[in-house]
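J.: Please read through the structure below; I'll follow up with questions.
Throughout, read-outs are computed from the coordinates displayed, never taken from laboratory work. Keep in mind the model is a prediction, meaning the values are calculated, not measured. Because the Cβ atoms are built from the backbone with ideal geometry, glycine has one as well, and the counts that use them run over all protein chains shown.
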Amino acid sequence: MAGDELGRSRSPLSPLDPLLNPTSVAVIGASDKTGRIGFVVVNSLVQGGFSGPIFPVNPRLTRLLDMPVYPSIKDVPNEVDLAIIVLRKELVLQAMEDCGRKGVKAVIVMSSGFSELGDEKAEEELTAKARHYGIRFLGPNCAGYAAPWESVYASFENRVQQGNLGFISQSGAMCAVFLALARAEGLGLSMFVSYGNAADVGPDELLKYLNTHEPSLLIAGYLEGLVARQARQFLSAARSISPHKPILVLKPGNTSAGARAIASHTGALAGEQAIYSGAFRQAGILQAKTLYEFIDACKTLTTLPLPAGDRVAIMTNSGGPGVLAVDACARAGLAVPKFDSAFMQHLRTTIPPSCSVDNPVDVGPEGNEGTYQQIVQLLLANRDVDIVLVVCVPPAFSDIRAITKAVIAAKRTCTSKPLVTCWMAGDIVAESLPLLEKASIPNFPTPQRAATALSFLVQRAKWLNNQ
């Protein structure tokens with residue numbers, strides 16, 4: 001299905017479409033200085049291939065990027081779905097008034113200095129103004145959003161590749177961090193939304209929107225804290241969505257110092273971690289503890305089928321990494337069962353007598369691509385195996401590309417079980433990683449990261465089975 005068809009296939013149309021899937025965009029505070037956000041946002045819309053009209057607004061400019069610039073939003077001759085406000089705080093309220101008089105349907109307020117810095121009154125006035133005109137708005141204090149399938153890059157963060165992960169974040173900077181790590185890990189996004197102070201549109205509505213957004217197979221979020229009303233709405237939305245789409249959250253503020261920092265950043269309450277964790281479990285929300293754990297879980301949840309159980313078969317070419325993998329799986333709550341004698345005897349016919357055929361299966365440093373393909377196929381076909389983890393530390397004489405292609409070929413014989421790799425040799429294996437990415441086989445640099453990422457698949461499967 002084409003990207004445009006995927007992105008615009010919701011029926012009926014969402015009330016947030018003017019905000020998140022607009023047909024026209026104005027940028028109030030557009031700039032001709034390349035280092036200013038007002039320039040970057042306009043340029044992102046242009047470079048991202050937005051198909052509708054773009055209206056830069058600035059009373060001191062006449063043209064920008066070969067487009068006419070308008071002195072005020074009221075001077076734009078066309079209807080405007082979405083206006084992006086990039087102005088000093090003291091000018092934002094009047095800009096919202098002008099948008100209301102113009103009939104603008106939705107607004108993004110990127111400007112900061114509101115409740116996150118203790119000025120609740122200014123934020124309340126802004127919200128009241130928007131509600132008076134029936135305007136839905138994102139922010140203030142946000143980085144906007146990008147929707148790659150719809151070619152809408154309404155943000156100053158445009159470094160994103162197309163994929164199937166919908167990501168929401170209170171923090172605009174965390175969007176930048178996440179996007180950078182996602183690119184490095186070959187993880188594509190269907191949408192990211194920085195919602196900032198959530199004076200109007202909050203995380204619960206964004207969950208509901210992404211639930212209807214067909215390209216988004218996983219909804220993930222960086223969530224610092226919620227006020228009581230937001231918490232109830234967010235958890236209620238999550239409970240209704242979790243049976244259909246997985247939801248993954250990274251929530252900091254596990255220490256008193258972290259909670260204090262959150263209050264100064266967004267004005268939100270971090271709350272007791274135990275209370276959040278319990279509520280998340282009941283709502284079917286998966287929770288990551290660290291940033292890399294979050295990224296790794298996104299990789300498995302967007303690319304792999306859910307396992308039937310928690311039994312992991314490990315294949316390795318060295319004893320030490322194999323032991324590390326066993327320990328990592330055990331710590332992650334996964335089982336590494338002993339194979340039955342008949343299966344071990346079958347394995348014995350394919351590898352040297354000096355190598356282990358128990359779990360993990362050790363093919364030794366001389367294991368070639370033929371051995372890898374045959375062993376991986378056998379492990380995938382074993383009814384007592386739910387997940388396969390292949391660990392490799394390639395010696396100088398091995399051909400890691402050939403081994404990688406063999407694992408990919410083996411995977412094609414069984415697509416119903418999760419298979420991940422752990423190529424552990426840094427730059428030595430770098431040339432093979434794009435092959436794995438193209439084949440939708442997540443790779444992890446350490447057994448610990450691989451096992452933890454797999455545990456999220458098991459958690460998700462167990463939760464669904466208990467519903």
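J.: For the chain, give the magnitude of the charge dipole about the Cα centre (Cβ charges: +1 Lys/Arg, -1 Asp/Glu; no others), in debye to the nearest 20. Before the final figure, lay out the partial values.
T.: Details: 42 positive and 41 negative charges, 100 e Å.
Using Cβ point charges on Lys, Arg, Asp and Glu, the chain gives about 480 debye.
J.: Another one. Considering only DSSP beta bridges where both residues belong to the stretch 144-303, give the percentage that are antiparallel (nearest 5).
T.: Numbers: 7 of 26 bridges.
Within the stretch 144-303, antiparallel bridges account for around 25 percent of the total.
J.: Determine the relative contact order of the stretch 144-303: mean sequence separation of Cα pairs under 8 Å and six or more apart, normalised by residue count, in whole percent.
T.: Values: 289 pairs, mean separation 35.3, N = 160.
That works out to 22 percent.
J.: Could you tell me what percent of the DSSP beta bridges with both partners in the stretch 3-138 are antiparallel, to the nearest 5?
T.: Values: 2 of 18 bridges.
Roughly 10 percent of the beta bridges in the stretch 3-138 run antiparallel, per DSSP.
J.: Still on this structure, please answer the following. With an 8 Å Cα cut-off and a minimum separation of 6 or more residues, compute the relative contact order for the stretch 52-165 in percent.
T.: Contact order relative to length: 19 percent.
J.: With the cut-off at 25 Å, tell me which of the pairs Lys251/Lys338; Lys129/Lys251; Lys33/Lys89; Lys33/Lys251 have Cα atoms farther apart than that. Write down the numbers at each step before the final one.
T.: On the way: Lys251/Lys338 37 Å; Lys129/Lys251 32 Å; Lys33/Lys89 20 Å; Lys33/Lys251 36 Å.
The answer is Lys251/Lys338; Lys129/Lys251; Lys33/Lys251.
J.: Still on this structure, I have one more. Across bins of 10 angstrom width beginning at 0, how are the C-alpha pair distances of the chain distributed, in whole percent?
T.: 4, 20, 26, 21, 15, 9, 4, 1, 0
J.: Now a separate question. Based on DSSP, what percent of beta bridges with both residues in the chain are antiparallel, to the nearest 5?
T.: Numbers: 9 of 57 bridges.
Antiparallel: roughly 15 percent of the beta bridges in the chain.
J.: Beyond 25 Å, what percent of the Cα pairs of the stretch 3-138 remain? Please list the in-between numbers first.
T.: Numbers: 2371 of 9180 pairs.
Result: 26 percent of Cα pairs exceed 25 Å.
J.: For the stretch 9-103, run through the GluC sites (Glu not before Pro) and keep only the ones in DSSP coil with at most 15 other Cβ atoms within 10 Å of their Cβ. Display every interim value, and only then the final one.
T.: Details: sites: Glu79, Glu90, Glu97; in loops: Glu79.
Here the sparse-neighbourhood loop sites are Glu79.
J.: Take the Cα atoms of the stretch 373-464, build their convex hull, and give its volume per residue in Å³.
T.: On the way: hull volume 8.8 nm³, N = 92.
Dividing the Cα hull volume of the stretch 373-464 by its residue count gives 96 Å³.
J.: Identify the trypsin sites (Lys or Arg not before Pro) of the stretch 361-467 meeting these criteria: DSSP loop state and at most 16 other C-beta atoms within 10 Å of the C-beta. Let's see the in-between values first.
T.: Values: sites: Arg383, Arg401, Lys405, Lys411, Arg412, Lys438, Arg449, Arg460, Lys462; in loops: Arg383, Arg412.
Those satisfying the criteria are Arg383, Arg412.
J.: Binning at 5 Å from 0, report for the stretch 312-465 what percent of all alpha-carbon pair distances ends up in each bin.
T.: With a bin width of 5 Å, the distribution comes to 2, 10, 21, 24, 23, 14, 5, 1, 0, 0.
J.: Given bins 5 angstrom wide, list per bin the percent of all Cα-Cα distances in the stretch 144-303, short to long.
T.: Each 5 Å bin holds this share of Cα pairs: 2, 9, 20, 24, 22, 15, 6, 1, 0.
J.: Take every Cα pair under 8 Å in the chain that's 6+ residues apart, average their separations, divide by the length, and report that relative contact order as a whole percent. Let's see the in-between values first.
T.: Numbers: 970 pairs, mean separation 50.7, N = 467.
That works out to 11 percent.
J.: Report the local net charge at Ile285: Lys and Arg +1, Asp and Glu -1, summed over other residues whose C-beta lies under 13 Å from its C-beta.
T.: Numbers: positive: Arg239, Lys245, Lys251, Arg281, Arg460; negative: Asp204.
Summing Lys and Arg as +1 and Asp and Glu as -1 gives +4.
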